[in-house]
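The values are calculated or read from the model by the stated rules, or taken from the named source; none is laboratory data. What you are looking at is a predicted structure, and each value in this text was computed from that prediction instead of being measured. Here the Cβ positions follow ideal geometry from the backbone for every residue, glycine too, while neighbour counts run over all protein chains shown. With ligands, DNA and RNA removed, areas are computed over all heavy atoms of the protein, side chains included. Shrake-Rupley method; radii C 1.70, N 1.55, O 1.52, S 1.80 Å.
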Amino acid sequence: QVQLVESGGGLVQAGGSLRLSCTSSGRTFSSYVMGWFRQTPGKEREFVAAIDWNGDSTDYADSVKGRFTISRDNAKNTGYLRMNSVKPEDTAVYYCAAGLAWPQSLAVGYGYWGRGTQVTISS
């Protein structure tokens, strides 16, 4: 089992940028692929991006491709989501998740989740 904690959320103006972090503890972080999902009230949890065990492969939702960048630093047991050119529709609670299979863009494919961090984009 791993424990995941997101940080870096907050309020940012449309067109700006921010970086989310996902720190892990417990089982070795490099044993897991990592994904980022987001969710707004009344909507299903939405896939954002994923990265394989060592960062050689990445996957992005079409809605964020070209704007967001997922990365990881296994030596620091930390994953990241860089968000550039943010839009109001990016407003959501963002969740970090860890899984065992690649590729994986479905929430059910991830067994471990953080509690989320709120990202709010103002117009």
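Computed with a 1.4 Å probe on the full set of protein chains, the accessible area for Thr28 sits at about 80 Å². One Cα centroid belongs to segment 13-80, the other to segment 94-123; the line between them spans 7 Å. Computed over neighbours whose Cβ is under 12 Å from that of Gln104, the net charge equals -2, Lys and Arg +1, Asp and Glu -1. Counting only lysines at least 8 places from Lys43 when in the same chain, those with an alpha carbon closer than 23 Å to its own are Lys65, Lys87.
If you bin all the Cα-Cα distances of segment 1-68 at 10 Å, starting from zero, the percentages per bin are 16, 46, 32, 6.
Reported value for the chain: 90 Å³ per residue, from the convex hull of its C-alpha atoms. Only protein heavy atoms count here; under a 1.4 Å probe, Lys87 has an accessible surface of about 80 Å². Among Gln39, Gln104, Gln13, determine the one that fluctuates most according to a GNM of the chain built with springs between C-alpha atoms less than 10 Å apart. Sorting by GNM fluctuation, first place goes to Gln13. Atom-type composition of the exposed protein surface of segment 19-123 places 45 percent of the accessible area on carbon and sulfur (1.4 angstrom probe). Please report the base-10 log of the normalised intensity I(q)/I(0) for segment 52-123, using a Debye sum with one equal scatterer per alpha carbon and no solvent, at each q in 0.16, 0.17, 0.27, 0.28 (1/Å). The Debye formula, applied to the Cα set alone, gives -0.65, -0.73, -1.56, -1.57. Add +1 for every Lys or Arg and -1 for every Asp or Glu among the other residues with Cβ under 14 Å from the Cβ of Pro88, and state the total. That works out to +1.
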